[in-house]
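Please read the structure below before turning to the comments.
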2 protein chains.
Amino acid sequence: MSVKSKGLDHVAIAVKDLEKAISHYRDVLGLELAEIEEVPEQQVRTAIFGHGMGRVELICPTSADTGVARFLEKRGEGMHHICLEVEDIEATLAALKAKGAPLIDETPKPGAGGAKVAFIHPKGNHGVLVELRQGPKP
Amino acid sequence: MSVKSKGLDHVAIAVKDLEKAISHYRDVLGLELAEIEEVPEQQVRTAIFGHGMGRVELICPTSADTGVARFLEKRGEGMHHICLEVEDIEATLAALKAKGAPLIDETPKPGAGGAKVAFIHPKGNHGVLVELRQGPKP
């Protein structure tokens, strides 16, 4: 089967101090803060700007033993991943696996806002960590 | 004055081979290719996926003497910048300058799709190169 994405759900930025970064993106750059959410499954706190597709998400680790914490230690703050909304995440993962995509998650896991999510390694996407997401919008 | 952004216009990914990357983002990840454009003012070729806000843009340098080419040489392919759509780019740049933001462009320059654009240095945005954009949608 062929994979069909609905488009960009969000772009995620890894930050060390969530409150300080929220203040910058809201008060200096003028984005509309929609929601702050703790995602225990991924040990991060997130701040979402905007609504619908194409949101901006700040992510801040709540534990040192996470991919986001290691990213910050190694590369500093900056763009972390893009997330694409798909119609059927299980079918998408099966199709990507058949094409040899380097899946980090072969089965979906719980993500922010009650969605199902799965990640594909940057080496398979021209250097971009890609999250696939299926679920309700926040 | 206070800066007001309409939200995320696009996220840009720097790539070395535009055709190969287009094939991946369209045929493997299933995004809808909307347009391929050459932007001589910035010495890049771009491929845009999706319509309206929250698009995904691939950018590929057409000259070695550009910021994108130097980024690719230093860091390899990957996420390059986010672009926020603003209502009045001149007023936004003036407000940011007054707040001490590290502007790369103090006055707007021509961007893709007939827009006016200006960049803010990553050191001022928690590690993220931010493009401001005012103009018609492609």
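The values are calculated or read from the model by the stated rules, or taken from the named source; none is laboratory data. Only a predicted model underlies this, so the values are computations on that prediction, with no experimental measurement involved. All Cβ positions, even for glycine, are placed from backbone atoms using ideal geometry, and neighbour counts span all protein chains on display.
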Candidates A:Leu96, A:Leu103 - the one that is over 17 Å from B:Leu31 (Cβ atoms) and of a type in the set (A, V, I, L, M, F, W, C): A:Leu103
Residue in segment B:93-111 that is surrounded by 20 or more Cβ atoms within 10 Å (Cβ to Cβ) and part of a strand (DSSP E or B) present: no
B:Ala118 being in contact with a helix residue (DSSP H, G or I) (Cβ under 7 Å, 6 or more places away or on another chain) and either in a helix (DSSP H, G or I) or within 14 Å of chain A (Cβ to nearest Cβ) (or both): yes
Positions within segment A:1-30 being more than 19 Å from the chain's Cα centre (by Cα), at the interface with chain B (Cβ under 7 Å from one of its Cβ atoms) and assigned to a helix (DSSP H, G or I), in sequence order: A:His24, A:Val28
Single residue of segment A:49-66 satisfying the filter (more than 12 Å from the chain's Cα centre (by Cα) and outside any loop (DSSP other than H, G, I, E, B)) that is farthest from the other protein chains (Cβ to nearest Cβ): A:Pro61
Conditions (1) under 20 Å from A:Lys4 (Cβ atoms); (2) within 11 Å of another protein chain (Cβ to nearest Cβ); (3) within 15 Å of the chain's Cα centre (by Cα); number of the one not met by B:Val86: (1)
The one condition in (1) at pLDDT 95 or above; (2) surrounded by fewer than 18 Cβ atoms within 10 Å (Cβ to Cβ); (3) farther than 26 Å from B:Gly76 by Cα that A:Ile48 fails to fulfil: (2)
Subset of segment B:67-83 that is among the charged types (D, E, K, R) and over 17 Å from B:Asp17 (Cβ atoms) - its residue that is nearest to the chain's Cα centre (by Cα): B:Arg70
Scope segment B:71-92; condition among the aliphatic types (A, V, I, L, M) and assigned to a helix (DSSP H, G or I); matching residues: B:Leu72, B:Ile89, B:Ala91
Residue in segment B:31-48 that is nearest to A:Lys99 (Cα to Cα), counting only those that are within 12 Å of chain A (Cβ to nearest Cβ) and either assigned to a strand (DSSP E or B) or without any contact (Cβ under 8 Å) to a residue 12 or more places away in the chain (or both): B:Leu33
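Conditions tested, residue by residue: (1) of a type in the set (Gly, Ala, Ser); (2) on the phi > 0 side of the Ramachandran plot; (3) at pLDDT 95 or above; (4) surrounded by fewer than 22 Cβ atoms within 10 Å (Cβ to Cβ).
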{"position": "A:Gly30", "(1), (2), (3), (4)": "yes, yes, no, yes"}
{"position": "A:Ala34", "(1), (2), (3), (4)": "yes, no, yes, yes"}
{"position": "A:Gly52", "(1), (2), (3), (4)": "yes, yes, no, yes"}
{"position": "A:Val56", "(1), (2), (3), (4)": "no, no, yes, no"}
{"position": "A:Asp65", "(1), (2), (3), (4)": "no, no, no, yes"}
{"position": "A:His81", "(1), (2), (3), (4)": "no, no, yes, no"}
